[in-house]
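Student: Right, I'll just put the structure down here and ask away after.
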Amino acid sequence: SPVVYDDDKFHFATVARLGNEKGHTRMLPIINELKEKGYAFTWHIIGGDLTNAPTEFVQAFHKYKLDEQIVFHGNQNNPYRFIKNVNLLLIPSYHEAAPMVYAEAHCLGVPILTTKTLSAVEMVENEEIGIVCDNNDISIRDALESILLDPSILSKYSVMSKQPDNKKA
């Protein structure tokens with residue numbers, strides 16, 4: 001059954017192993033900056049924890065003291081129950097081919113914020129299932145902050161106005 005999150009803060013998730021190319025480590029200074037600005041949010045990481053994270057990630061996590069902003073759910077056989085009720089799926093990858101998680105989030109009605117990678121414009125922006133930002137830290141921070149300032153900008157993406165199309169996929 002889907003995980004239910006408290007309504008008093010914004011919840012976003014990333015589903016990926018904690019590899020350097022997935023962009024988790026680049027997110028930590030951004031998460032810290034948004035924390036210091038007073039935003040109430042939790043970043044749920046599905047697919048890893050501190051025991052299998054790159055050293056740079058672990059060091060930055062402790063340096064910025066992000067225990068209250070980040071929750072690790074480890075590797076999961078069913079990541080969907082963690083995704084279903086988040087406000088946003090975040091994909092901060094440096095490189096990505098055509099991740100299935102785009103379609104999975106869309107099927108669950110969860111909007112996406114992704115960096116511009118090989119297929120992001122085609123699969124997310126053109127399909128109007130989320131926001132594609134430039135693949136740099138400032139663009140990620142600005143996009144995430146604008147969403148935290150006004151979560152209603154996501155409403156047009158979370159409405160299942162278009163059903164996923166297997167033929168297209």
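Student: Take Val71, project a point 7 Å from its Cα along the Cβ direction, then tell me which residues of the stretch 1-43 have their backbone nitrogen under 17 Å from it.
Tutor: Only 1-16, 40-43 pass the distance filter.
Student: A follow-up question, please. What is the count of Lys pairs in the chain whose alpha carbons sit under 15 Å apart, if the two are 8 or more places apart or on different chains? It would help to have the intermediate numbers written out before the result.
Tutor: On the way: Lys9/Lys35; Lys9/Lys37; Lys22/Lys116; Lys35/Lys63; Lys35/Lys65; Lys37/Lys65.
Lysine pairs meeting both conditions in the chain amount to 6.
Student: In whole Å, how far is the Cα centre of the stretch 47-123 from that of the stretch 1-44?
Tutor: Centre-to-centre (Cα) distance: 8 Å.
Student: Continuing with the same structure: What is the distance, in nm, between label points placed 7 Å from the Cα along the Cα-to-Cβ direction at Asn20 and at Ser152?
Tutor: 4.4
Student: I want the local charge near His95. Using Cβ-Cβ distances under 12 Å, sum +1 for each Lys or Arg and -1 for each Asp or Glu among the other residues.
Tutor: 0
Student: Separate question: Rg/Rh for the chain to two decimals, with Rh computed the Kirkwood way over all alpha-carbon pairs.
Tutor: On the way: Rg = 14.9 Å, Rh = 16.0 Å.
Result: Rg/Rh = 0.93.
Student: Could you please state how large a percent of the accessible area of the chain is carbon and sulfur, counting protein chains only and using a 1.4 Å probe?
Tutor: Answer for the chain: carbon and sulfur cover 50 percent of the accessible area.
Student: Pick out which of Ile112, Ile129, Ile30 has the largest mean-square fluctuation in a Gaussian network model of the chain, springs linking Cα atoms closer than 10 Å.
Tutor: Highest fluctuation of the listed residues: Ile30.
Student: Based on a Kirkwood Rh over C-alpha pairs, give the Stokes-Einstein translational diffusion coefficient of the stretch 1-91 at 25 °C and viscosity 0.890 mPa s in µm²/s.
Tutor: Diffusion coefficient, whole number: 184 µm²/s.
Student: So, one more: Please give the per residue accessible area of the chain, computed with a probe of 1.4 Å over protein heavy atoms only, in Å².
Tutor: 51
Student: Under the 0.36 nm per residue contour assumption, what length would be gained going from the current alpha-carbon distance of Asn52 and Val4 to full extension?
Tutor: Full extension of this stretch gives 14.7 nm more.
Student: Could you work out how much longer the chain between Asn78 and Gln59 gets when fully extended? Use 0.36 nm per residue separation minus the Cα distance between them, nm to one decimal.
Tutor: 4.0 nm
Student: Mind grabbing the base-10 log of I(q)/I(0) for the stretch 48-98 at q = 0.31, 0.32 Å⁻¹? Debye formula, identical points on the C-alpha positions, no solvent, two decimal places.
Tutor: -1.21, -1.20
The values are calculated or read from the model by the stated rules, or taken from the named source; none is laboratory data. These numbers come from a predicted model, not from an experiment. Glycine gets a Cβ as well: all are built from the backbone with ideal geometry, and neighbour counts include every protein chain shown. Remember, those area values only see protein heavy atoms, side chains included, never the ligands or the DNA or RNA. Shrake-Rupley method; radii C 1.70, N 1.55, O 1.52, S 1.80 Å.
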